[in-house]
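Scroll down for the structure; my scribbles are underneath it.
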Amino acid sequence: MSVKYIPVQWNRNKWFYDLVMLIGVVAFLVLFLFVSPDLLSHEFPINPQVHNARAFGACAFVMLTVILCIGPLARIDTRFLPLLYNRRHFGVMTTFVAITHASYILNWYFSFSKSDKFSALLFANTSYTQLAGFPFEAFGIFALICLLILAATSHDFWLKFLTPPVWKSLHALIYVAYIAVVAHISLGILQDQQNHVFTLIFIGGALAVAVLHAYAAWLDWRGGDEVATQSEGWVEICGPADIKNGFARIKLMPNGDRVAVFNQDGKLSAISNACAHQNGPLGEGRVISCLVTCPWHGFQYDVTNGRSPAPFTEMVPTYNLRLTDGMIQVDPEANPPGTYVEPVAIPGWKEVPA
Amino acid sequence: MSNQDKPFFVGYLDIPGSLRRFLVLACLVGTGIFVATGLLIGSTQDEPAASGFRFDYGRQTVTGVIELTPYPLLRVTQGNDLIKPGKTLMLSGQGKFGVDAQAMGLEGGLVEVTGIILQRGTIDMMQLAGGRRGMKMVDGDAPDMETEPLGRWKVAGEICDGKCLNGAMRPGRGLAHKACAALCLVGDVPPVFVSTQPIEGSDFMLITGPDGTRLPKAAYDHIGQFVSAEGDLERRGDMLVLKLDAETIEVIDG
């Protein structure tokens, strides 16, 4: 959370996250670039430029694979959520690694000719009508453009400027980029491999991404948020005893929005489940220091009015609610973001000691 | 609803104690993935063919007769310890350039060439030094050079550029190298066919179009692919030249 835009809001956890990420990337590159040539001991070694290009290309693939595994892992087990926290830095780092890969390719295979290297990249191979020998470079260019767009718009300025739904849709480009990378590798380097270790790692990585996403989607489908039932224009949530102190119950509203009804010290309040930052699931968060805290990036809101504490300015919609016949009911019409709603006291509520 | 039994992470707060062990394990596993993949992928790269610039030989100077196939060849008449008379050298310029401009008008003439040898198996190429040092006419009568017709052949293998194949790039063939090879051929570097089986004792042959023309552009789509093709084969010194009929190129599965 911030009241102004600064490049990076560093904190200890972010420093640690980036440090671990850098250790992994540097270890990969050092082992590939400087240790593996001795292990290979080729009489006529691979050109250094080609070796470097392969190292950075393979590293970018592994990074992208790990990045795409974090999302479903966090949905399967919330203990992985800290890996999601600073994933944007991971993505930006991947873009730089991919740029380095592209630079080596461009300055080696596409240089030294009578044509400009950027032009040569586009015209050297135009066999678009055949699979074997297809210009796989086109997939690499496309993936790199996607990564550049994602890196350039990764800052919270763009998140607020574009609005979270648009920003999230734009950043779903990462999946298109990954598919392009898979095609780039499949139609490129894999066509010439005699040793299939990389092929196995590549298939394993791509399968891990696909299987984890499928499994997480299945879990969501099986245990997804319940659809609220309607009663006389209000939607029914649950009984007050079903919501533990400091936690929420999420329900899917008839219009497709999700409401999170919180119990804060025996008083019920309802707010939108979508965090104003990245639409994170507020109802999966909890109340810390009297403020609802988003599980994704820790954005906080006063549950009675949906406002972030001063000096922050984020706001989410609130909902009117009532208790009828022992059932919490919510008005499906959301109030404008930041609207105060008097909390509804739970009759006879007593905190259960932990 | 979130599970109150599970630790709750907030990025700007201290990590809950019960989550620390899990995160340390996740960090170790994540780093381990990078270490393992970096080492495994890096240490299992295929070995390129024995080929490359022979800088260790030093700059070589030999004399011979220029033949335009149309790609210029040098039939060596006065060699040295490394390059014997009777040898046929393909010629290239610096980078992805042929030496057509230098060789133009010199067909059948005696020239002295200076440059660095690129070597792969039985096939040799010389990358000429820049300027007039690379190729110059010399006095003397050029002997007649024999060309031995070897009939019509159907060959199976791969179309490459002669310079990268000879080790200017390692690896210098295959589908991943297709665009680079096409750029070399556009720059008039001599094209080469790598046969799957030796033909007349050689795995490699210079390829041209029929009737002394350049390799047809239609063949460029098949660079790096496993193909079969037909053409008239001839021997020029110790080098085979296949006058390839592009219409006979067929992609071979597998």
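Of the residues A:34, A:44, which is outside any helix (DSSP H, G or I), assigned by TED's automatic domain parsing to the domain that holds residue A:212 and surrounded by fewer than 22 Cβ atoms within 10 Å (Cβ to Cβ)? Step through it out loud before you land on a result.
Values: A:34 fails: outside any helix (DSSP H, G or I).
Of A:34, A:44, the one residue that is outside any helix (DSSP H, G or I), assigned by TED's automatic domain parsing to the domain that holds residue A:212 and surrounded by fewer than 22 Cβ atoms within 10 Å (Cβ to Cβ) is A:44.
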Across the stretch A:245-256, which residue is farthest from the other protein chains (Cβ to nearest Cβ) among those that are under 22 Å from residue A:291 (Cβ atoms) and part of a loop (DSSP other than H, G, I, E, B)? A:245
Hits in the stretch B:7-56 - residues which are within 30 Å of residue B:161 (Cα to Cα) and among the hydroxyl-bearing types (Ser, Thr, Tyr): B:43, B:44, B:51
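Kindly indicate whether any position in the stretch B:19-40 is in contact (Cβ under 8 Å) with a residue 60 or more places away in the chain and within 7 Å of another protein chain (Cβ to nearest Cβ). Don't jump to the end; show me each part of the working.
Within the stretch B:19-40, the first condition is being in contact (Cβ under 8 Å) with a residue 60 or more places away in the chain, and the residues that meet it are none.
No: zero hits.
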Any chance residue A:81 is in a helix (DSSP H, G or I), in contact (Cβ under 8 Å) with a residue 40 or more places away in the chain, at the interface with another protein chain (Cβ under 7 Å from one of its Cβ atoms) and of a type outside the set (Lys, Arg): yes
Considering only the stretch A:283-306, I want to know if a residue exists there that is more than 20 Å from residue A:231 (Cα to Cα) and among the acidic types (Asp, Glu). yes
Looking at residue A:103, is it farther than 30 Å from residue B:16 by Cα and surrounded by 15 or more Cβ atoms within 10 Å (Cβ to Cβ)? no
Please specify each residue of the stretch B:177-193 satisfying the condition of being within 13 Å of chain A (Cβ to nearest Cβ) and under 16 Å from residue B:246 (Cα atoms). B:182, B:185
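Could you tell me which residue of the stretch A:163-196 is nearest to the chain's Cα centre (by Cα), considering only residues that are among the polar types (S, T, N, Q) and assigned to a loop (DSSP other than H, G, I, E, B)?
Start the filter on the stretch A:163-196 by keeping residues that are among the polar types (S, T, N, Q), which leaves A:163, A:169, A:186, A:191, A:193-195.
If we keep only those that are assigned to a loop (DSSP other than H, G, I, E, B) as well, we get A:163, A:193-195.
Working: A:163: 16, A:193: 33, A:194: 36, A:195: 34 Å.
Of everything passing the filter in the stretch A:163-196, A:163 is nearest to the chain's Cα centre (by Cα).
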Pairing a residue in the stretch A:32-45 that is on the phi < 0 side of the Ramachandran plot and facing chain B (nearest Cβ under 8 Å) with any residue that is among the acidic types (Asp, Glu) and crowded, with 16+ Cβ neighbours inside 10 Å, where Cβ atoms lie under 8 Å and the two sit 6 or more apart in sequence or on different chains, gives A:40/B:47; A:42/B:47; A:43/B:47; A:44/B:47
Would you confirm, using the coordinates I've provided, whether residue A:168 is in contact (Cβ under 8 Å) with a residue 24 or more places away in the chain, more than 12 Å from chain B (Cβ to nearest Cβ) and among the charged types (D, E, K, R)? yes
In this structure, is residue B:207 buried (at least 23 other Cβ atoms within 10 Å of the Cβ), within 14 Å of another protein chain (Cβ to nearest Cβ) and of a type outside the set (Gly, Ala, Ser)? no
Taking the stretch B:224-254, which residues are in a strand (DSSP E or B) and either within 14 Å of chain A (Cβ to nearest Cβ) or β-branched (Val, Ile, Thr) (or both)? B:227, B:241, B:248, B:249, B:250, B:251
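Can you name the residue in the stretch A:46-78 that is among the polar types (S, T, N, Q) and closer than 23 Å to residue A:171 by Cα and, of all such residues, is farthest from the other protein chains (Cβ to nearest Cβ)? Show your work before the answer.
Going through the stretch A:46-78, the residues among the polar types (S, T, N, Q) turn out to be A:47, A:49, A:52, A:65, A:78.
Those left that are additionally closer than 23 Å to residue A:171 by Cα: A:65, A:78.
Details: A:65: 9, A:78: 6 Å.
Out of the qualifying residues, it is A:65.
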Options A:153, A:126, A:94: the member that is surrounded by 22 or more Cβ atoms within 10 Å (Cβ to Cβ) and either in the same structural domain as residue A:50 (by TED's automatic domain parsing) or free of Cβ contacts under 8 Å to residues at least 60 places away in the same chain (or both): A:94
Could you go through the stretch A:55-63 and let me know if any residue there is touching a Leu at 6+ places or on another chain (Cβ under 7 Å) and either under 20 Å from residue A:177 (Cβ atoms) or buried (at least 22 other Cβ atoms within 10 Å of the Cβ) (or both). yes
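Which of the residues that make up the stretch A:303-318 are assigned to a loop (DSSP other than H, G, I, E, B) and closer than 13 Å to residue A:273 by Cα? Spell out how you get there, then give the answer.
Narrowing the stretch A:303-318 to residues assigned to a loop (DSSP other than H, G, I, E, B): A:303-306, A:308-314, A:316-317.
The answer is A:303, A:306, A:316, A:317.
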Which pairs have Cβ atoms under 7 Å, sit 6 or more apart or on different chains, and link a residue in the stretch A:53-75 that is outside the structural domain of residue A:95 (by TED's automatic domain parsing) and without any contact (Cβ under 8 Å) to a residue 12 or more places away in the chain to one that is assigned to a helix (DSSP H, G or I) and basic (Lys, Arg)? none
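Of all the residues that make up the stretch B:11-20, how many are over 12 Å from residue A:80 (Cα atoms) and out of contact with any helix residue (DSSP H, G or I) (no Cβ under 9 Å at 6 or more places or on another chain)? First the steps, then the outcome.
Pass one, the stretch B:11-20, residues over 12 Å from residue A:80 (Cα atoms): B:11-18.
Of the ones still in play, those that are also out of contact with any helix residue (DSSP H, G or I) (no Cβ under 9 Å at 6 or more places or on another chain) are B:16-18.
So the answer is 3.
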Quick test of your reading of the structure: residue B:230 fulfils all but one of (1) among the acidic types (Asp, Glu); (2) surrounded by fewer than 21 Cβ atoms within 10 Å (Cβ to Cβ); (3) under 16 Å from the mean Cα position of the chain (by Cα). Name the failing condition by number. (3)
Test for residue B:215: is it more than 18 Å from residue B:126 (Cβ to Cβ), in contact (Cβ under 8 Å) with a residue 12 or more places away in the chain and part of a loop (DSSP other than H, G, I, E, B): yes
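Give me the residue from the stretch B:142-189 that is β-branched (Val, Ile, Thr) and outside any loop (DSSP other than H, G, I, E, B) and, out of that set, farthest from residue B:235 (Cα to Cα).
Our first condition is that a residue be β-branched (Val, Ile, Thr); within the stretch B:142-189, this holds for B:147, B:155, B:159, B:186, B:189.
Filter again for outside any loop (DSSP other than H, G, I, E, B), leaving B:147, B:155, B:159, B:186.
Numbers: B:147: 6, B:155: 15, B:159: 19, B:186: 25 Å.
Of everything passing the filter in the stretch B:142-189, B:186 is farthest from residue B:235 (Cα to Cα).
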If you check residue A:89 against the conditions, is it in contact (Cβ under 8 Å) with a residue 12 or more places away in the chain, more than 10 Å from chain B (Cβ to nearest Cβ) and in a helix (DSSP H, G or I)? yes
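Check A:259, A:287 and return the single one that is assigned to a strand (DSSP E or B), β-branched (Val, Ile, Thr) and crowded, with 23+ Cβ neighbours inside 10 Å. Working first, answer last.
Details: A:287 fails: crowded, with 23+ Cβ neighbours inside 10 Å.
None of the others qualify; the one that does is A:259.
The values are calculated or read from the model by the stated rules, or taken from the named source; none is laboratory data. Keep in mind it's a predicted model, so treat the numbers as computed, not measured. Positions of Cβ are generated from backbone atoms using ideal geometry, with glycine treated the same way; all protein chains shown enter the neighbour counts.
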